[in-house]
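Here is the structure we will look at.
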Amino acid sequence: MGCLKAIVVRVGCLIVLAVLAVLAFTYRHEILDFWRHWRGNRSASTEWVLPAGQEGAQRASRALAQLTARGGPAFVDLDAAQIGALIETQLARVPQRALDSVMVLLGDNDVRVRGSVDLSRVPRNLLGPLRGVLHGRERVIVGGPLLADSAGRLRWRVTSLQVGAFPFPRGTIGALLKAINVPGVEDARVPLPVEGRIGDVRVSPTAVRLYRASAR
């Protein structure tokens, strides 16, 4: 009887280890992102900021227009509220947006957005094993770096997405963003409404710095 109990315990341990290995592989990107975020962003701001509204988006657009003006500055800085205003402007381009109550947090090479998401229009199969747990309105946190693509357009590359207390694998993020009606999503990249070309972008806990594109 003792031998049988020992075998059962060993089998149980192996099953638990196998499950942990599968989870670790499935969420490997999220685990690495968390580790990098913990190591690199320990001094980052912890203050979530409300978007600056339409006026803030217009101020951001005017500042960015200087980058393309003749004799303009080499770079301009936008704060979290102005970046939030640009994100809000993009979200408002669809008649039935699912993500609202947006707030923004800046970190090292990271823009995080927290909001409330309506899951009623999300296909249940996209929620995977959590489809029986997540329903109605849930809190969502999405994050990732800003970048300038080859055409000089500003893109927000979403590399992490958490609904409630549950992070989702990176491979599902693009489909989920489309399902919650985020307009213009391609390969988990969200376009931000910026006129003209930019050369590069850097995100810090205090500001987003956008650089002038070099003349062609």
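Remarks
- Hz values of 3J(HN,Hα) by residue in region 98-104 - Karplus curve (6.51, -1.76, 1.60), Gly and Pro given as x: 9, 9, 9, 6, 6, 9, 10
- Chain lengthening between residue 118 and residue 149 when straightened (0.36 nm per residue, less Cα-Cα): 8.1 nm
- Rounded D (µm²/s) - region 53-212, Kirkwood Rh over Cα pairs, Stokes-Einstein at 25 °C, 0.890 mPa s: 152 µm²/s
- For region 90-216, averaging the sequence separation of C-alpha pairs within contact (under 8 Å, six or more residues apart) and dividing by the residue count gives a relative contact order of 26 percent.
Laboratory data are not the source of any read-out in this text; all were calculated from the coordinates shown. All of these numbers come straight from a predicted model, not from anything done at the bench.
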